[in-house]
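See structure below.
Here, each number is a calculation from the coordinates, and none is a lab measurement. All values reported here derive from a predicted model rather than from experimental measurement. Reconstructed Cβ throughout: ideal geometry from the backbone, glycine too, with neighbour counts over all protein chains shown.
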Amino acid sequence: MNVQDFVERIKRGDRRILAKAISFAENGHPIAKEILRQIYDKTGKAQVVGITGFPGTGKSTLVSKLVEEFRKRGKSVGVVAVDPSSPFTGGALLGDRLRLNGADVDKNLWTDERVFFRSMGSRGRLGGIAKKTGDVVKLLDAAGYDMILVETVGAGQGEIGILEVADTAIVVLMPEMGDDIQVNKAGILEIGDIFVINKSDLEGAENLERWLSFTLSLDSSDSAEKGSANAERWRKRVIKTVATRGEGIKELADAITEHFEFLKRSGTLEIKRAERTKMMALEIAMEEIRAEITKRCSNLLLDSKDPYTIAERILKDIIKI
C-alpha cells in the first residue's frame, strides 16, 4: 500500500489503517513522515484535552467517564494513554482494555466505532508524554475524531509536556496528598486550565477546594495587573468529582467545552497552535540533525579522545558553523 492509500483511508476513518499508521509513527518508520505531511492540512478540527496529575488520583477512570459523557453528546473520541515503558521492551506497561476493565464503564465502548483507544510507552521521555504523542494526535485528528483525550504518565511534578499537544490542560488532584505542597510543585498552577479534585468524597476535599480556589484567584489577580484591561481572560475552574460514581463528570465536560469556545473566541487557539507548530518543527529538525551527526561522526570519534574537539569538528565539518 502506498502513502496516498494510507492517507485516503485515514481520512475516511479506517481504524485498522489508522492503527497501522500510529505504529509507523511510534517506531519511526520512513513512511510515517510522508503520511503525516499529507494529512496535516486535514488536522486542527479536534479539541485536544490533556489530563495530567499525580499517580493514584484516578486519571484513567476520569478519562473513561469523560469518553462516556462525550459519546452521549454525539462526539467521537480518541484516547491516547501514555504509560511508563518497560525497561526491557520499551512497550507500555498498561493497555487500553486493561484500563477500561478496571473502571466502571459501559463495555460497549470497546466496540464503539467512534471511540479509539491507544496506549503508548513513554520510552524514557520526560514531561509525561511520549516522543511521538503529537504525531498520534495529528493522525486521530485527521481521522475525524472530535475530541482527543491525552492522559499523561502520572509523574505529577514537571509534566509540562502536555502543553506541547493539548488545547485544554486538566490537572487532577485528590484530597489527603498535602494540599499546598502538591499544588505548589513546579508548573502545576501554570499548566492547568481546569483543576479537578477527584475522590472528593474523601476527607479534606473542601479544604483543598478552598485553598486551590484562593491560590488561583491570586494568580488571576497578578495576570490582570500585567495584562491589558480589555483582554478576555480564562478564569481557571476548580471542579470536584467522584469519577467511580460519575459525579461531576457532566460539569467537567461542560467546562472543557466552554474552554474550547473561549480559545476560539479570544483568538488564543490560533496563537497556541502556531507556537506548537513552531516547536514541533524545531523538534523534528533537531531529531534529524542528531541522526545525521550520529551517522557521520564515527570517524571523528576515532580520531580524538577530546569531546570538545570532536564537537568543534562536528560544527565545522558537518553543520558548517
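Run down the lysines and flag those whose C-alpha is under 20 Å from the C-alpha of residue 316, throwing out any fewer than 8 positions away in its chain. List returned: 295, 305. In terms of packing, defined here as the mean over residues of other Cβ atoms within 10 angstrom, the peptides 17-24, 262-269 line up highest first as 17-24, 262-269. Ordered by the count of other Cβ atoms within 10 Å of each Cβ, fewest first, 145, 40 give 40, 145. Shown for 152, 309, 168: other C-beta atoms within 10 Å of each C-beta, ranked fewest to most, produce the order 309, 168, 152. Taking K and R as +1 and D and E as -1, what net charge do the other residues with C-beta under 10 Å from the C-beta of residue 266 add up to? Every neighbour counted, the sum reads 0.
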